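The values are calculated or read from the model by the stated rules, or taken from the named source; none is laboratory data. Since the model is a prediction, treat every value here as computed from it, not as a measurement. Note that we place each Cβ from the backbone using ideal geometry, even for glycine, and neighbour counts take in every protein chain shown. Ligands, DNA and RNA are excluded from the accessible area calculation, which covers all protein heavy atoms including side chains. Shrake-Rupley method; radii C 1.70, N 1.55, O 1.52, S 1.80 Å.
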Amino acid sequence: MNISIFGLGYVGAVLTGCFARDGHRIIGVDTDSTKVGLINDGKSPIIEKDLPELIAGGVKAGFVSATTDAQAAVLTTEMSMICVGTPSRPSGELDLTYVVRVCENIGAALKQKADYHLVVVRSTMLPGSVESTVIPALEKTSGKRCGTDFGVAINPEFLRESTAVHDFYHPPKTVVGAASKQDAETIGSLYARLEAPFIHTSLRVAEMVKYADNCFHALKITFANEIGLLCKELGVDSRAVMDIFCQDRKLNLSPAYLRPGFAYGGSCLPKDLRAINRLAVVKDVNVPVLGSIAASNEHQIQNALRLIASKGKRKIGVLGFAFKGGTDDLRESPVVTLIEALIGKGCDVRLYDSYVSLARLVGANRRYIEQHIPHISRLMVDSVAEVIQHSELVVIGNENDEFYQAIERLGPDGIIIDLTATTRKVSTSASYERIAG
């Protein structure tokens, strides 16, 4: 199939590599000429395991190209996938500016196209957004009718950063919201080789499924962290508690998010939680648990700040400050928030993350870090050794074998605070403390 993918961020880039590997011809579309250039050079615009090889192989085989010309991309493909960002407004509402802009570009191209075209939304949007925003924008700019001249469907993604390629090929489910059975079957054919249940449902149900998933993921992380804090105060081994809890696979579902550790972050959970809470306010629906999750998450960051301050050290080193190990995504990273607070308290901070390089940060990721820590380049060093040499206290912000190997060599004067949800046994003569007991 010939597919144009609009937005070459995390979702779009992963889909480009994976669909090309499966033999589809992909044209990536983005307004960022840097991302387009990287794709055309056979390079991944993001750090994601196995993706560079897929992009390089797709370009070499002639299955992958990228452009800033939306009209050319639509006219030479039969399906367009919308993978642009839906960031939060200050109120918590979603900003659908990028979605509308892409729909207008696709609609303008459809005006020049006689053949039926299928538009598939993979961006995360609240229920009703496809009907109230996507379809009207496409119909207005194309002069055509949805369901007759073109089709619209939503195919929510369930990809986790740092394991996105694996998740693509091993999904828990494939969900397609579409009014047309034929459109749903066309999308389903893309995933025919995958061993996962295929679910065809309505547009609004498909939109809401992603929010149900992400809100529950956010809830699970917060729940485990609060159990961990209680265990710490009571002198109870929280990992033993949660290990027993997670052995109940029938009712407690999955242990993936149920490990006491630091706050959640990233580009999905905070944004989606804000959006669903904003929707509840607009609809005058009381959701106290959902409404309390973000406050509890912020408390976890403040708890870490208090724990660090209690050690009375000014020279602080942070190992790993992306929101999650194995990725370069800094958006809404709780470790970045913690770093801001430490700097504000006058601490002398040094940072290291092997996956983060300012030279390759682009788009929303770069804008976020420039807004929150504009002088970050002065704080970053080139090795774990430099962080340890500088610091009186070392904070481990995300999991990385390199970090744990380094702290094994620290002497008894060293102080380490581990914010991760690691289950590994740590061996070091230094003072080692987890944020959760």
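Take every Cα-Cα distance within segment 104-232, group them into 10 Å bins from 0 onward, and report for each bin the whole-number percent of pairs it holds.
In whole percents, the pair-distance histogram is 12, 35, 30, 16, 5, 2, 0.
Would you work out the relative contact order for segment 1-105, in percent, from Cα pairs under 8 angstrom that are 6 or more residues apart?
32 percent
Given the options I106, I316, I343, state which has the largest fluctuation in a GNM of the chain using a 10 Å cut-off (strictly under) for Cα springs.
Comparing I106, I316, I343 in the GNM, the peak value goes to I343.
In whole percent, how big is the carbon plus sulfur part of the accessible area of segment 284-431, probe 1.4 Å, protein atoms only?
Percent of accessible area from carbon and sulfur atoms in segment 284-431: 47.
Among the listed pairs K35/K345; K220/K313; K49/K345; K113/K283; K144/K181, which are separated by more than 29 Å between their Cα atoms?
Violating the 29 Å Cα-Cα cut-off are K35/K345; K220/K313; K49/K345; K113/K283.
Is it possible to state the helix-based mean residue ellipticity at 222 nm for the chain, with each DSSP H run of 4+ residues giving -39500 (n - 2.57), the sum divided by total residues, to the nearest 500 deg cm²/dmol? What is it?
Result for the chain: -13000 deg cm²/dmol, rounded to the nearest 500.
Show the residues, 5+ positions off or on another chain, whose built amide H is closer than 5 Å to the amide H of V349.
Excluding prolines and chain starts, which carry no amide H, the hits are I316.
Quick check on packing: order 178-190, 259-271 by the mean number of other C-beta atoms within 10 Å, highest mean leading.
259-271, 178-190
Helix 334-344 versus the longest principal axis of the chain: what is the Cα-based angle in degrees, 0 to 90, to the nearest 10?
Around 50 degrees separate the two axes.
Taking the alpha-carbon centroid of each part, what is the distance from segment 268-325 to segment 380-394 in angstrom?
Here the two parts' Cα centres lie 26 Å apart.
Give the distance, in whole Å, between the Cα centre of segment 108-126 and the Cα centre of segment 143-197.
A separation of 14 Å, based on Cα centres.
Taking a probe of 1.4 Å, how large is the accessible area per residue of segment 44-124, in Å²?
I get 42 Å² per residue for segment 44-124.
Among the GluC sites (Glu not before Pro) in segment 331-437, which ones are in a DSSP loop with at most 13 other Cβ atoms within 10 Å of the Cβ? Mind listing them?
Passing sites in segment 331-437 are E408.
Rounded to the nearest 10 degrees, what's the angle between the helix 51-60 long axis and the longest principal axis of the chain, both from Cα atoms, 0 to 90?
30 degrees
Dipole size in debye (nearest 20) for the chain around its Cα centre, Lys and Arg Cβ +1, Asp and Glu Cβ -1?
The dipole magnitude comes to about 380 debye.
Using all C-alpha to C-alpha distances in segment 255-369, build P(r) with 10 Å bins and read off the rounded percent in each one.
12, 38, 33, 14, 3
Determine the relative contact order of the chain: mean sequence separation of Cα pairs under 8 Å and six or more apart, normalised by residue count, in whole percent.
12 percent
By per-residue mean of other Cβ atoms within 10 Å, what is the highest-first order of 235-242, 321-328, 210-217?
321-328, 210-217, 235-242
What is the pair-distance distribution P(r) of segment 1-56, computed from all Cα-Cα distances in 10 Å bins starting at 0, with each bin given as a whole percent?
P(r) for segment 1-56, in whole percents per bin: 27, 63, 10.
Which residue fluctuates the most in the chain, going by a Gaussian network model with Cα springs under 10 Å, if the choices are L338, L15, L330?
L338
Angle check, please: helix 10-21 long axis (alpha carbons) against the longest principal axis of the chain (alpha carbons), in degrees 0 to 90, nearest 10.
60 degrees
Given a cut-off of 17 Å, what percent of all Cα-Cα pairs of segment 199-308 lie beyond it?
60 percent
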